[in-house]
Every structure is written in structure tokens, then in C-alpha cells.
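Presented below is the structure to which this report refers.
Read-outs throughout are calculated quantities, based only on the coordinates presented, and are distinct from any laboratory measurement. Quantities reported herein were computed from a predicted structural model and do not represent experimental measurements. Cβ sites come from the backbone with ideal geometry, for glycine too, and all protein chains shown count toward neighbours.
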């Protein structure tokens, strides 16, 4: 029978990802949001290059003179004389000579009194293999150098990579903790919910910064610790959000339907409900990332952040006050610009994501 | 009639300005670390001592201007000393009163010999746990029995002790077990200022917060760790400035400002605690502070440093034009890093352990840190006793030559092989890692970068143990640290105060390295019996050689401090031993 009606089967089934797709479309239309996305993507690319060692692997090398100025502004730095070890050596020699105690009058440990005398003499002979050539130090660098003569361009790349790594993995960990606990709490309710809510109340009753410092003070140093410490203090927001969502969704029809066809609790929680609240998680994730990048900066500024073999944006900021006092502005300027752009772009992206992924907005 | 009026006027003129400090004058100063408290028998940090110095009176004190520092009478005349140097008799000046306090029940309380006896005995009291007990333990005849009788409980202060005898109300007789040539300088420390027993007993739970003394100032306000306010003690005895100037032009300026005037001059001293360098310096530049040390980061801004001779400096023009006053002083101090000598990795006296310590010392670039961190305002340390302190030997070279290449070769010779990961392992094949304790400020971080560099050059793993100073100090007392940096400033200008830092009986106390060496101990005990002179110097040289050979310390540097005062500050001269000069300062804005 001919029919003008298309067969129901030929109608494209509503896509599973329609919300995501709609969101993407909306985000593309939002010029600020899309621009922010590009900036964040660029940062991520640079960070990945630094993580993989393609960029800034040698940031710790002392390639320039201490506080070498930026090439374009070589005359805008303070005109201090930076002393070096040779100056001090020479001054000490002169002082001794002036005091009349030249090297012939000098006393000290005689070889006969030194238990290591023979070994010391032999070590002097064998030292040659450890002598290394000093590379010439640059007078200026594109973005200047810090006190140790390290290239600020490399340092800020490495620092951004560290801060992003800390921010992203900290946010992921915090989100995981918050989601799992929130899901359990909201889905099962009852005594489990009460217990978790008590735990939550305890955590939120302590001011964030205080809790952060307390954790940081008892644990050691390094990126891993910072990530764990920050995740442990910032999971509470996503916990409350997820708890409410699961509470709301668990009595919806589609969950009951899943129950009717015999889906287990775990499947209902993580296969059925979770995808329906995932847009909230994405927003939460980017918000947390921004917050944690800032937290890391504060921790490092207070001396509890990454160790000295690593560098982060916060650790660079911590060096700024003493440098500014001496008039060396370039590290401060670089890190401020890099960090503000990153944090602003991430925050704007979060806002746009929230708008784009809101199912109520058409 | 006229004559009488004139006389009355004259009397008024001489009485009014000369008797009291000007309560309208407020001196603003800052300290760069928090105080711990104001009980002289319980605190030993520089910052608390600086306050205590102004609240309490020791028996004797130092002349403000004389260099080298000269002891002068304070609440007592200079004592008469017996021929064998063991019996000291002090005559306390009558008519000195404690500041008013509720514990005195409204009566004036006069300072007597018994107060000093009580104050000295408190350092022996096991329940007080004085950090200065190493200065008094075993020093006084009969005191050991008293301490033994107390056990772990409180000392019985009423038991008469032969060595600490109150002869009459104003006479105190101290009898030493052995001759001690520094005894009078020890008694001049703020720790031996007089406290009143009633006050201590009335505030037994918190003596640190309730200081009552006979000194020029009293504690008016205390916000722990942030602000301390002192006010001139209205009942302070009449003390007239009478120090004799030397050749220094600073002396003449001080005398011109203070000659014949009563002390203190300034009615109120406000002490702020500012730990970071930048805010400290900015406060000074904004005239929120009257006197301040120049922080290291500001040195190049404030001073014109001659690169050929970094200790030759002058005040930068912009500050000189404002009339700011610069004063400089090489500190009677040593800065060093120590190894925990009881530690299984870095301690011990076998050759391979010595080699490890020696290698670390050889790899640390002292001169580079003097250039970059101290901005040239320090000299390398080469002897345990610093210059300006009796017993110093300027010709001695204790610090090993900076030579990381030879240090590596030395480690190779003792079996510290480089393992598969590029780092060295111990001779017995176990992994090697050294832990260095450190604070958390930006300045600490700068130092740590140099340490990291040194250990990287040696290919030894380095970890940092970060903490607040008092936490690390506690951990070190329990032997839990491996390495830590320390500064020791002279309590009195004698080498003994420094050589005792490695005496085994002071281990865990002032001997932070827990260094125990029988030869060193024997020489130290022998040196105690000698006055300052060539004979004792010979012993000190021998002890220094032991320390250089064993390397419990890495010799660091000795700072040259630069202090700036605003143009209107009068009467300032830095003193090597007095912590403050507040009572001598006058403000003429």
C-alpha cells in the first residue's frame, strides 16, 4: 500500500549524544566561549609538550647571568652590580693580604692530622673526570632570567605544565571522590547518607585554606602530595551536587524501568543516572580546575607547594616579592600574564559550558 | 621674694624634663621572628631576650659606647672577686624598686640580694627547664646537692646553698666550684635579670606572659606573634647617661644627644613582628619604622656596594640625601650546617662517614651564596670562634676548598658507587639519601636551591624536611634530623660560648650535632681552666683541627649587618652584645 507517510523506521532515532551535540553547537556560536576553548586548548598543547619533554626540559640549566634582563628591555632593569663567587674569592684574598696573614701564615689541618689525608690527595688526582666545562652565560634572554640565571621562558612553560597537571588531576580526583560518595549517599539514602553527610559537615566546618595547610604541613612535598591534598579538601562541592542529583533521579521513570528489567544498583547508578548528570560534572570539573590552579599558587606561595626540583606558577610568584624589592620585574610580569590568561580563559569557558550544556536552554 | 621665685623656677627646670621619659615619643621597631615569652628563665631566643633586656635588670651590664664591650655596674656595683677567682661579692644598690604589680598588694617592693639568688636558682630548677641550664649546672658550690634533692620535682628555694648566698639584704655572694673567667659576662645576660618570687608564684601557670622587673620599660600590651608594646617604667631609678666616647664619630653624636640626660628617653616602644623581607623594608621606607636592619633583598637598593671589595659600601644617594643613618657591624656569630653525628647514614667517625661529610662540605659553594644571597655582606667562616670574640684565630682555615670534582672522586674512593639510576649508593649497597631540614620562607628556598645544586653535583639524593623553626628544634632534640643549618650569636664575648657547642655534655642541648669526641672534651675541659691567652688559643686550635678532621659542621659564613635609622633618630650605636639600644634612643622630629 503506497503511503505518503514515511515509515517510522526511517526516522533517525534521537541521537544518544544529542545534548552533547547541541551543546557543542551552542558553544561554537558563543564567540567568547569558543575563543576561551581555543586558548585553553593551546595551553593544554603546550603543557603536553612540556610533560612529554619536547619543551622546556632543561629549564633548570643556568644559561644566563643572574637576573639577565629581557632582550627588548635590557635597559629597563635596575643597574645593580650582581656579585659572583669570584668577586667574593678575590675580596677574601685581598682582605687576608691586608691583614698581613698571607697564605704562608695560614694554619689549618695538617695532612698528618687528617684521617683522610691520603685519600684527599688521591681524590685531587682523580678529580679530572668530574670537571665540567662551563658554558658561556647569556647577557639577555627573550623574557629575562631569574636569580639563578634560568630562562624564564622555559620556567614559565614548565610552571604552566605543572600547574595544569596539578589542577586537572586534582580536579579529576576530587570529582571522583565527590561523585562516588555523592552517588552512594543520594542513591541509597538512609544510614549511609547520614554517615556521609556527617563526614561532609565535618570537612566543610573547617575553613578550606586551613584544612589545606593542615594537610600540606603533615604530608611531604611534591606534585603527588599537592594533588592529593587538594583533592581531599575540595571534593565536598561535587559531593553535595551529586547527592542532590541522584536523590532526584533515582525515582524517575527511566530508573524505575531499568529496575523493572533487572538492572543492578551499580548499573542503575553509573550506567543510567550518571550519563544524565554528566553535563553538570563537566562544568564542575572546569570550575574545580580553575580553583585548584589558584590553590596551588597559594600553597606554593606559602612554601608548602611543589619541591624545589619542580616549578609551578605559584612557586614562581613566591619569588616575586624579593625580586620586585630589587627592581627585577620580568619574572613577575611573565607569570602574572600567563596565569591570568589561563585562569580567565578557563573561567569564561566554564560559564559558556554551563550555558551550552543546560538542557533547559534551547 | 624674687630670689625665691628664681630658685623655685630653677628647681622646676631641673626636675621636670630630667626625671621622666617623654610619653609622647613613640619608637617604632620591628623583629623578623616571633617572640616566645618573657620569663627570663624559660626563653633563649634572640627576640624574647631583646624584650627581656628592657624589662629586667641583670646585676651588671655593658657600657653603651666602649669597644671592645666593657662590663659596668648596673643594679650592683662591680663585684669584689677573691684571689682564686671563685668568690664574687655583689653589693646591690639600695632604693631600686620593682614595677608595681598586683602580687605586691599595693606596696612598693624593693630589689634585694634574695631576688637575684632566687632568679639564678630558677635556672637550676628541673620544673622550669631553663634553656640556659648549661651555664649554671655544676657551677655553684652546693647547688648540685640541691638539684639532686629536687629530683624531677620543684627546687626547694628556701634551702640555703653555700654557692648562692644572701649575706644580707643588699649583699649577694656567689661561690664557684671552679675558676671561670666568663662568669661576670654570663651574669650580664638578660636571662639573669631579677624576677620577684611573689610575681612568679602568683602567675605560676603562665610566667611567660607576666613579666615584672626593675628595668626601664614594662610590658604594656602583647599580641603574641604580632605586636609588643613597652612603656617607660614610671618607677625606674634615675639613670644618667655617662658613657665615655671613643674615637668613633658616632660616639660623639651619641654623647652630644645624650650627655647628662636621664634614661630612657622614649616613653613608648612599639615592636611589630614582620617576618617577610619586603613588608619590613617598605614599612621602614614609609617611616612606619624608625630603625631597621636592611633586608638582604634590599641591600643593593640601599647600598652602593664596591664589587672589588663588597664590604666597602656607602649609603645610596637617595637615602643619604634624606639624612638616613647607616651603621654596620660584623656580627659576633657563626652560621653553619651540622650533621647529626649519631645518625646511621651521615654520623659516625669511621673514614667512609667522614668522607661523605667532607664531600658534602666540599661541594657547597659558600662564596657563591655570599655573593648571591648575602650580596657580599658576609665573610666565610673558618674557625669556630668568630672575629671579635676572645679566642678567634684569623690565620686558621677550617673550611675545605670548594671542589665538587675532588669531592666526587673522594666518594668514589670510599665505595659510594654510582648506581643504575645515576645516584650514589652506600658502600654496603643500600640506597643513599640525605635529608636536610629547612624553613618555608622564600629565603629558605633560595638556600635550598644551592643545596640541591651541591647534592646534584655529588649525585646524592637530597630530601627536604620542612617545618617551623621550633618544630625542627624539637625534632632535632630527639635526634630525628640528619642535617640542619644554624646560627649561633655570642651570649658573651668569649670563645668558650662557641667551643661549648661541640662539647659532649651539651649534646642534645646547645650541641645540636650531638658530637661526642673524647679528645675534644678533654681539651675543652682543660681550656675552661685557662684565661684568654696564647695557651688557651693553642687548645682552641687543636679543637678546631678535630672538628675540621671529623667534619660535624659545614662552616658557613659570618654576616655583616647593616642597620638604617631615620634622620630624626638620635643616640644610636650598634652594640655587639646588647640586643637593643632602645633606652638610649631619642626622637627629634
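Computed from Cα atoms alone, the Kirkwood hydrodynamic radius reported for the stretch A:130-174 is 13.0 Å.
The helix-only estimate of mean residue ellipticity at 222 nm for chain B, built from DSSP H runs of length n ≥ 4 each weighted as -39500 (n - 2.57), is -8500 deg cm²/dmol after division by the residue total. For the residues A:41, A:297, A:121, a GNM of chain A with alpha-carbon springs under 10 Å puts the largest fluctuation on A:121. Remark: spin-label model distance residue B:306-residue A:24 equals 7.3 nm, labels positioned 7 Å along the Cα→Cβ axis.
Approximating the spin labels as points 7 Å out from Cα along Cα→Cβ, the residue B:350-to-residue A:192 distance works out to 5.7 nm. Cα centroid separation, the stretch B:171-200 to the stretch A:107-172: 50 Å. With respect to chain A, whose longest principal axis is taken over its alpha-carbon atoms, helix A:223-234 is tilted by about 40°. What is the distance in Å between the Cα centres of the stretch A:298-362 and the stretch A:224-277? Their Cα centres are 31 Å away from one another. Distance distribution note for chain A: the fraction of Cα pairs above 27 angstrom is 64%. Scaled against the 2.2 N^0.38 Å expected of a compact globular protein of N residues, the Cα radius of gyration of the protein assembly as shown reads 1.14.
Principal-axis analysis of the Cα atoms of chain B puts helix B:351-363 at an angle of about 70° to the longest axis.
Distance from the Cα centroid of the stretch B:30-95 to that of the stretch B:351-389 is 32 Å (rounded to whole angstrom). Note on the stretch B:385-431: Rg/Rh from C-alpha atoms, Kirkwood Rh, equals 1.29.
For the stretch B:90-132, the Kirkwood estimate of the hydrodynamic radius, built from every pair of different alpha carbons, is 12.2 Å. For the protein assembly as shown, the share of DSSP beta bridges that are antiparallel, to the nearest 5, is 75%. Taken over the alpha carbons of chain B as equal point scatterers, the Debye sum produces base-10 log I(q)/I(0) values at 0.12 Å⁻¹ of -1.33.
Across A:117, A:74, A:231, mean-square fluctuation computed from a Gaussian network of chain A (C-alpha pairs under 10 Å connected) peaks at A:117. Relative to the longest principal axis of the Cα atoms of chain A, the long axis of helix A:31-51 lies at roughly 50 degrees. With Cα atoms as the point set, the radius of gyration and Dmax of the stretch A:54-175 evaluate to 22.7, 70 Å. GNM on chain A, alpha-carbon springs under 10 angstrom: the most fluctuating residue among A:239, A:130, A:295 is A:130. Structural descriptor for chain B: relative contact order 18 percent, calculated from alpha carbon pairs under 8 angstrom and at least 6 residues apart. In whole angstrom, the stretch B:418-574 maps to an equivalent ellipsoid with semi-axes of 32, 26, 15, each derived as √(5λ) from the alpha carbon gyration tensor and ordered largest first. Rg over Rh for the stretch A:192-244 works out to 1.03, both radii taken from alpha-carbon positions and Rh defined as the Kirkwood radius.
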